[in-house]
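**Q** Take a look at the following structure, please.
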Amino acid sequence: MSGNEKRILTLERQIEKVKADIDALSDLRRGSLSKQYNICGSPGCKCKASPPKKHGPYYQLSFTKNGKSSSKFVNKKNAKIVNQQVKNYANLRKLVDKWVELGTELSDLRLLEQEESD
Ligand SMILES: [Zn+2]
């Protein structure tokens, strides 16, 4: 087996692994989740003490939809779930990039093999 053929098999196996990893992803969403602490309007509130005890944390999801950036608050109970969904999306992007990278090398090798067999 030629070096190219071996490399092709390796790349094919790696691509299968990427596909399986994508298949295993669960719920996903675009955006980033941030944690915030706020100051309220009540005079004498603990959030204005020294040192201040701000209100929160509040979880805010920022995302882009139809080219417009937007955000919404997420309650504490859902913050963990939303955080995982955001991570899943980031993982998907990473896996797609990997697939494209492996796939490009594989495609180049297939062209070489084609030329050699002509
Ligand atoms: Zn306050």
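The values are calculated or read from the model by the stated rules, or taken from the named source; none is laboratory data. All values derive from a computational prediction rather than experimental measurement. As a convention, Cβ positions derive from the backbone with ideal geometry for all residues, glycine included, and neighbour counts pool all protein chains shown.
**Q** Restricting attention to region 31-38, does a residue exist that is out of contact with any helix residue (DSSP H, G or I) (no Cβ under 9 Å at 6 or more places or on another chain) and hydrophobic (A, V, I, L, M, F, W, C)?
**A** Looking for residues that are out of contact with any helix residue (DSSP H, G or I) (no Cβ under 9 Å at 6 or more places or on another chain) and hydrophobic (A, V, I, L, M, F, W, C), one finds none in region 31-38, hence no.
**Q** Which residue pairs have Cβ atoms closer than 6 Å, lie 6 or more positions apart in sequence or on different chains, and pair a first residue in region 82-102 that is of a type in the set (D, E, K, R) with a second residue that is in a helix (DSSP H, G or I) and modelled with pLDDT of 95 or more?
**A** LYS98/VAL18
**Q** Now for a different question. Which numbered condition trips up GLN14, out of (1) exposed (fewer than 11 other Cβ atoms within 10 Å of the Cβ); (2) in contact (Cβ under 8 Å) with a residue 60 or more places away in the chain?
**A** That leaves (1) as the condition not met.
**Q** Please list, ordered by first then second residue, the pairs with beta carbon atoms under 8 Å, 6 or more apart or interchain, first in region 48-69 and within 11 Å of SER32 (Cα to Cα), second among the aromatic types (Phe, Trp, Tyr).
**A** What qualifies is TYR59/PHE73; GLN60/PHE73; LEU61/PHE73.
**Q** Then there's this: Within region 59-81, how many residues turn out to be touching a Leu at 6+ places or on another chain (Cβ under 9 Å) and not hydroxyl-bearing (Ser, Thr, Tyr)?
**A** Selection size over region 59-81: 6.
**Q** Output the residue which, of all residues in region 34-74 that are more than 9 Å from the ligand (Cβ to nearest atom) and of a type in the set (Val, Ile, Thr), is farthest from TYR89 (Cα to Cα).
**A** The extreme case among them is VAL74.
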